[in-house]
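No lab work stands behind these numbers, since they all come straight from the coordinates. All values reported here derive from a predicted model rather than from experimental measurement. Here the Cβ is made from the backbone with ideal geometry for all residues, glycine too, and neighbour counts use every protein chain on show.
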Number of protein chains: 4
Amino acid sequence: MRYVYPCPLRWADMDSFGHVNNVVYLRYLEQARVEWMFMTAKEAGIKEFSLGTVVARHEIEYKRPLVYRSDPVRVETWVTRIGNASFTVAYEVKDDEFVYAIAETVLVPYDLAAERPRRVTIEERDYLKPYLAAALPKSRHR
Amino acid sequence: MRYVYPCPLRWADMDSFGHVNNVVYLRYLEQARVEWMFMTAKEAGIKEFSLGTVVARHEIEYKRPLVYRSDPVRVETWVTRIGNASFTVAYEVKDDEFVYAIAETVLVPYDLAAERPRRVTIEERDYLKPYLAAALPKSRHR
Amino acid sequence: MRYVYPCPLRWADMDSFGHVNNVVYLRYLEQARVEWMFMTAKEAGIKEFSLGTVVARHEIEYKRPLVYRSDPVRVETWVTRIGNASFTVAYEVKDDEFVYAIAETVLVPYDLAAERPRRVTIEERDYLKPYLAAALPKSRHR
Amino acid sequence: MRYVYPCPLRWADMDSFGHVNNVVYLRYLEQARVEWMFMTAKEAGIKEFSLGTVVARHEIEYKRPLVYRSDPVRVETWVTRIGNASFTVAYEVKDDEFVYAIAETVLVPYDLAAERPRRVTIEERDYLKPYLAAALPKSRHR
């Protein structure tokens, strides 16, 4: 299963080359994560994520330039790994015609009060499991 | 050789968790690339980079949280691969005490007029060569 | 008549005090103007605005803090003055319960090729007229 | 007396028109305020400002377009009014040749714990007083 977030663009997301700036794509991924892990998970009774989850790592491949438009792009998010103290999510940024970017993020649940990483709880694991699926093949472009 | 960019932070780089947001680190890397490839290279007579260079891929690992401070962090940049139609740069975001993040970007020279990738020119290759060095070991954190 | 733009927030719009940062409200106003003057006006055959309109002045009053939420706020925009070489738009940022900010912007049509201000065209004037209404009273808070 | 903040630009401050976006100037003003009221005032023993100060109002006039450059612009800041529960600061964004913008902000000291405005303390007043000077004449451009 994938979490599908219709992500609104902003005109200011474009840089002086007239394309959505590469850094802003990460903002779209964050926005999808926030809706999925903070807002939606909270409705499902899982509030730990929003209390502290740290990004340990990003990997992103750009496929196609994006220009501002009124219609959102779709950020599709799923889980590719659930470990004891971290998990990995994958994304596609796309619309009905094109894929604009694919990406992967390693997330670490964090205890803000104690200021240190903590284990993934059973409730969190149960929330993530239905989204578990294979990672996208990475391009050889390195 | 490494290109060293003293990168000023902005208070607004922090998000509501009170740390520099993970997305903003990519802004720091961009800022280092702009100074190195647009401004410094232009002084050396290489202006093609600033006419069009596309980010094909980013990889970034976060090591330590950053909080706003008046003193800049150092973004150190070097080259880990020069191909025919792309090259890879590596970075460390650090100060005298800590490394905050390490990252890698694949860059593709781009002909904006013709709207397609182009080959790395001999002049560009010569500009990049002195910065060629080994990549950092990546963590097993995936 | 007012142009009503449902403006999506982003989690990253909040600063380290946990509120939408005051600077970001101006981004919301820009986004409303872009949809109204670039996208909607273009559909009505008015494309000059998007070719160049310069912000000469902003005035904004903050009424109430905003916190990230999935539901958009409403940016309502109208025109308070149409001059020969500039015009003024007013805005309310609100939802069904509260007004979060009121603002005013002086805009100057600009000829990007000639690099200088130009007069408001008759077509632009006709596009703006139905939106003409009184300005909001400004607070004495100065 | 004016507080002078050398404000570094970022390449990403430019929008797709190739100029520093009008919204970003407010970021420069914020950055000057942070250095002046959070960092410098704190060294002088005044820490209340950084505990909570709310922007009640901005007014900004744009004089000249800015393009990215490695050299900072200067944000000069002073005080034009000290009231019981608010004060007003004025700014010029400039370099040795040009003034790019002038602006004014009404600031309200805020008690974050009690969640309400508070009075300007005597220590704050003493810190602000040496910066007190006349406001800039506003243009008739409305």
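Divide the volume of the convex hull around the Cα atoms of the protein assembly as shown by the residue count and you get 171 Å³ per residue. Using the Cβ-Cβ distance between D:Glu97 and A:Lys42 with R0 set to 60 Å, the FRET efficiency from 1/(1 + (r/R0)^6) comes to roughly 0.70. Give the chain C residue with the shortest beta-carbon distance to the rotation axis relating chain C to chain A, plus that distance as a whole number of Å. Its Cβ sits closest to the axis: C:Pro8, 2. Taking every DSSP beta bridge that has both ends in the protein assembly as shown, the antiparallel portion is near 95%. Take each residue of peptide A:54-67, count the partner chain Cβ atoms within 10 Å of its Cβ, and average: the result is 5. Distance between the pseudo-spin-label points of D:Leu112 and C:Asp71 (7 Å out from Cα toward the beta carbon): 2.8 nm.
Normalising by residue count, segment A:53-142 has a Cα convex hull of 144 Å³ per residue.
Principal-axis analysis of the Cα atoms of chain A puts helix A:22-33 at an angle of about 40° to the longest axis.
Taking C:Thr121, C:Thr53, C:Thr80 as the candidate residues, the one with maximal mean-square fluctuation in a Gaussian network model of chain C, Cα springs under 10 Å, is C:Thr121.
Taking the helices alone, chain C has a mean residue ellipticity at 222 nm of -4500 deg cm²/dmol, built from -39,500 (n - 2.57) per DSSP H run of at least 4 residues and averaged over all its residues. Using a 7 Å projection from Cα along Cα-to-Cβ, the label point at D:Arg2 is separated from the same position in the remaining copies by 3.8, 3.9, 5.4 nm, smallest value first.
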